[in-house]
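Down below is the structure, laid out as structure tokens.
Here, each number is a calculation from the coordinates, and none is a lab measurement. What you see is a predicted model, and the numbers here were worked out from it, not measured in a lab. All Cβ positions, even for glycine, are placed from backbone atoms using ideal geometry, and neighbour counts span all protein chains on display.
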Amino acid sequence: MRAVVQYGSGGPEVLKVEDRPEPTRNPGEVLIRTEAIAVPFYETQLRSGLLPAGQPSIFGHEAAGIVLDADDPSLRGKRVVTMSYTGGAYAEVVAASEYTLVPDGLTSAQAVAAAVPASVALALIETADVEAGETVLVEAASGAIGGHLARLAGRRGARVVTTAGNEQADVDHRDPDWRQKVPDGIDVVFESIGGPRAGELTAKLAPHARILAYGMLSGEFPVFPVAGLLARGITLIGFGGPDAYGKRVAAARAEALGLVADGTLIPVIDRTYPLAEVAAAHARVESREGAGKVLLSPALRPSTPAPAA
Ligand SMILES: NC(=O)c1ccc[n+]([C@@H]2O[C@H](COP(=O)([O-])OP(=O)(O)OC[C@H]3O[C@@H](n4cnc5c(N)ncnc54)[C@H](OP(=O)(O)O)[C@@H]3O)[C@@H](O)[C@H]2O)c1
């Protein structure tokens, strides 16, 4: 089968497409012929070496496709989506111990575009316990998780303030002083940008506000002054690691996919690349030029350049 293998840390060129033996499945695992593979933002940070990562022989974490084999024979032919911590998703065939059935009516592309972002957003909203009438700040609402967060918070009756790198958002986070432009009285912050200036948001928070720190899009962890949090009764919740992922996010996955199937949450797909163009797919995510998820499709063949005139 064809698969993408990572050779060291660095730019998109460290990802190479190779022929590899198909995986065999252990008891409890399903074997999946992949139809769509996600290229989430955090994978660009894993590839570059910014986030600590082992070097799996085959790269990638999120895929959807058709079950080829499983302990339960009735699963064969069913469409599933999987998230793996140990890599192996950028391939034509994947063996997975964790998987969720894709609801009828959703394609593999829609399922893999939404499964992780929508379940992270749902788990974050539930952890924050957002209530009607609260004011919620969603950073990077142009991103997959941010977009779902804004929608889910709005459904709970919250007033949503968004940041993004465009004029449609309430606050344009390309401005280095964007935190000064956030309105006062924020009850909940979904913090994904990070960096040394994150603490400037503390002055914008209502007493007893909650900050959910779940990302580092800027490449740096957020820094909050403990004195400012303490004096104002603010709760800082670090949302990451095996507990968040292994338990809360996975537990939210089936409900999140149901919200996609019923049209409550909408997966936005920017571009789909053949496996052979994996480096271009990573470059696209890093460029921040697109709106929506970047995917890989093993069935897609590289475009043949037009013959010279
Ligand atoms: N804790 C968890 O369980 C968990 C799980 C999955 C992902 N994450 C993290 O959640 C964050 C969002 O992930 P995602 O999949 O939603 O990403 P995404 O769909 O790729 O969206 C990211 C958005 O962030 C903005 N952005 C990119 N670089 C930025 C920067 N340097 N400063 C400010 N904004 C920037 C871009 O918006 P503009 O172009 O509009 O600026 C982009 O649309 C990432 O940090 C990811 O690692 C956390």
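Based on the alpha-carbon gyration tensor of region 1-141 and its eigenvalue square roots a ≥ b ≥ c, which shape applies: rounded if a/c is under 1.5, prolate if not and a/b is larger than b/c, or oblate? Since a/c reaches 1.5 but b/c is at least a/b, the shape of region 1-141 is classed as oblate.
Annotation: aspartates and glutamates with alpha-carbon distance below 16 angstrom to residue 247 (same-chain offsets under eight excluded): 98, 126, 255. The spacing between region 109-188 and region 199-246, judged by their C-alpha centroids, is 14 Å. Relative to the longest principal axis of the Cα atoms of the chain, the long axis of helix 250-261 lies at roughly 80 degrees.
Spin-label model, residue 167/residue 57: points 7 Å from Cα along the beta carbon direction are separated by 5.3 nm. Of the residues 202, 260, 34, the one whose Cα sits farthest toward the positive end of the charge dipole of the chain, with +1 on the Cβ of Lys and Arg and -1 on the Cβ of Asp and Glu, is 34.
Only Lys, Arg, Asp and Glu carry charge here, each on its Cβ (+1 for the first two, -1 for the last two); on that basis the chain has a dipole of about 100 debye about its Cα centre.
Charged neighbours of residue 128, selected by a Cβ distance under 15 Å, balance to -1 (K, R count +1; D, E count -1).
Annotation: peptides 214-227, 35-48, 274-287, 106-119, ranked by per-residue average of other Cβ atoms within 10 Å with the highest first, follow the order 106-119, 35-48, 274-287, 214-227. Compute the distribution of all C-alpha to C-alpha distances in the chain, in bins of 10 Å from 0, and list the percent of pairs in each, rounded to whole numbers. Result, from short to long distances: 6, 27, 33, 22, 10, 2, 0, 0 percent. The angle separating the long axis of helix 108-128 from the principal Cα axis of greatest extent in the chain is about 30 degrees. Label separation (residue 24 vs residue 155): 4.3 nm, computed from points 7 Å beyond Cα along the C-beta direction. Which lysines, on any chain, are close to residue 293 with Cα under 23 Å apart, when same-chain ones fewer than 8 places away are left out? Correct list for residue 293: 16.
The angle between the Cα long axis of helix 144-155 and the longest principal axis of the Cα atoms of the chain comes to about 50 degrees, rounded to the nearest 10.
Over 10 Å intervals from 0, what percent of Cα-Cα pairs in region 158-286 sits in each interval? Taking every Cα pair in region 158-286, the percentages come to 10, 30, 36, 19, 4, 0. Which of the lysines could a cross-linker span from residue 204 if the Cα-Cα distance has to be under 30 Å and same-chain partners fewer than 8 positions apart are dropped? Cα-Cα hits under 30 Å: 181.
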